[in-house]
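Report on one structure; see the data block that follows.
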Amino acid sequence: MDRKKTLFQSGIIVLVAQIITSAISFGTRNAFIYGVGIDYLGLNGVIADILAMLSLTELGFQFAIVYRLYRPIAENDHHMINQILYLLKRIYTVIGISIIGIGVCVIPFLRYMINDITVPWSVILISYLLYVLATAVTYFMAYKRTLLYAEQKQYILSSIDVICNIFFGTLKILSLIIIKSYLLFVVFYLLEKLTANIIVVFYAKKYYSWINTQNVTLNNGLARDVFRDTKNVFAGKIAGYIYSSTDNLVISTFISTRIIGYIGNYKTIFSTIHTLLTVFFTPFRPMIGNYLAENDKKKAFELFINYDFLRYVIALLILGPTLSLVHIFISLWLGEGFILKGSVIYLLFIDIYISIVHGPVAEYVEVLGFFRQMKKIYIIGAAVNIILSIIGAKTIGVEGVFFATVVSQVIMWVGRSRVVFSEYFADIRDQYRYWRTHMFYVVNFLIVYYSCMQIMKIVKAHDHFTRFVSGGFICLVVALIDIVVFWGRSKKFNYLKDSLLGIFEEKIMKKR
């Protein structure tokens, strides 16, 4: 129960922190639209994707190193932990310097990537350089964050980040609404990143007094193994960047920077849901690492099956209502003038659905260190995405760009599941059962979604707010009934129910 308790508590704390962060994000988006205008919002989105490109200089060292921390942490091996942190510190210092250098080299290309907006070039250039600096300084102090993450203390990092976000987020919103200065907004963003990382450094220094990255003799074998893994991880980093951060660049270059502001409203909703769920599931990764460190495949497979079911249940309960109510929410939030027609919304939804439900195979790949096995799959997925995105942008438009992203996601999902089941669980029958289960999940999701839409048509509502509240209630009830009817007697449902009830009962007994 200790692991479940830690998992639950960490998930709740991190989730609450992310909800606050997301609320600030929505407020910031409003401040952009009504403070400085949609052009600045589109510009901010493009710069964010360029920064993601610069972060590729990280190459995947964190993934290659984090999974190596699980065993020494479990064995309380401070000597090995210090070696790993020393190596990561040196690597991140080089990365921070590289980001600044590469960021400067990108400046001549900015005019080609940003078009169809009326923002002065001086503002674009200065804000871009400030963002580059903010990205670089984060790496100079990031290695101690990695230790806290591996120690299953993500909730501490989230608490620090959310406090800084509330303070500086308020200043950023005021800078847009009252002062109407995008540059001041970016300055506060830089200060926010600096402050949060400085606090993390002081926290680690206080509670991990044994950390010593000054007088460490680095094990050459460790460095060699990390760099070997990094070569394989880098393909995944490229694929992840192309999948998640090139859509805006392609749209901005071949279609319009301004339209990113409109699409971004919907992407913000879906990505916020995705981020909240990802943050909630984050504590599972160290837990997976602990099971794998014990080399107990039976327990690891049991955790995989139950975790896979939990992710689908959450997707059904959260994403179903989101898809059903997204247009109504946009009307309430920004007005009917910001509603987008067409298939873009469904493509965005499919993208995030896949991201959530295939999370277990993705996390097992990372925790097990199957970077070499995934290298070709990452390259294929990335190549298909970028080629189809450019062709789609020129022939179909925005829908073509997001269709390419969905195709890439499917390739990643199939590839990761094949690697996990063939390389670790080593039973092809389990893989077939996995895909049959997920085919049923998709059909079930569509039935629930269709049922919700039909019931919502019957229920009469005279305003958007009433429609939103009643629709949310209907979708939630239908999803809960569906879960109980189809899985109420299954082992994975009872495992999930017993785990949650056990945690709550323990908390009640403690209060008494």
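The values are calculated or read from the model by the stated rules, or taken from the named source; none is laboratory data. All values reported here derive from a predicted model rather than from experimental measurement. Cβ placement follows ideal geometry from the backbone for every residue including glycine, while neighbour counts extend to all protein chains displayed. Just the protein is used for accessible areas: all its heavy atoms, side chains included, with ligands, DNA and RNA removed. Shrake-Rupley method; radii C 1.70, N 1.55, O 1.52, S 1.80 Å.
Numbers for the structure displayed
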| item | result |
| --- | --- |
| Flag for residue 171 being open to solvent by 20 Å² or more (accessible area, probe 1.4 Å) and part of a helix (DSSP H, G or I) | yes |
| Where residue 200 falls short, out of the listed (1) open to solvent by 20 Å² or more (accessible area, probe 1.4 Å); (2) in contact with a helix residue (DSSP H, G or I) (Cβ under 6 Å, 6 or more places away or on another chain) | (1) |
| Meets criteria (over 25 Å from residue 66 (Cβ atoms), open to solvent by 10 Å² or more (accessible area, probe 1.4 Å) and touching a residue at least 60 places away in the same chain (Cβ under 8 Å)) for residue 403 | no |
| Odd one out for residue 211, checked against (1) within 28 Å of the chain's Cα centre (by Cα); (2) modelled with pLDDT under 90; (3) of a type in the set (A, V, I, L, M, F, W, C) | (1) |
| Pair list, Cβ < 7 Å and 6+ apart or interchain, from segment 104-128 residues that are closer than 19 Å to residue 180 by Cβ to residues that are surrounded by fewer than 12 Cβ atoms within 10 Å (Cβ to Cβ) | none |
| Matching residues, segment 423-454, being assigned to a helix (DSSP H, G or I), in contact with a Lys or Arg (Cβ under 9 Å, 6 or more places away or on another chain) and of a type outside the set (S, T, N, Q) | 424, 425 |
| Hits in segment 183-208 - residues which are at pLDDT 90 or above and either touching a Leu at 6+ places or on another chain (Cβ under 7 Å) or assigned to a loop (DSSP other than H, G, I, E, B) (or both) | 185, 186, 187, 188, 190 |
| Residues of segment 244-272 that turn out to be in a loop (DSSP other than H, G, I, E, B), within 21 Å of the chain's Cα centre (by Cα) and surrounded by fewer than 21 Cβ atoms within 10 Å (Cβ to Cβ), as a count | 0 |
| Helices (runs of 4 or more DSSP H) wholly inside segment 273-361 that include at least 1 residues being at pLDDT below 75, polar (S, T, N, Q) and surrounded by fewer than 21 Cβ atoms within 10 Å (Cβ to Cβ) | 284-293 |
| The one condition in (1) part of a helix (DSSP H, G or I); (2) open to solvent by 20 Å² or more (accessible area, probe 1.4 Å) that residue 157 fails to fulfil | (2) |
| Residue satisfying all of: in segment 447-466; open to solvent by 100 Å² or more (accessible area, probe 1.4 Å) and at pLDDT below 85; nearest to residue 336 (Cα to Cα) among these | 465 |
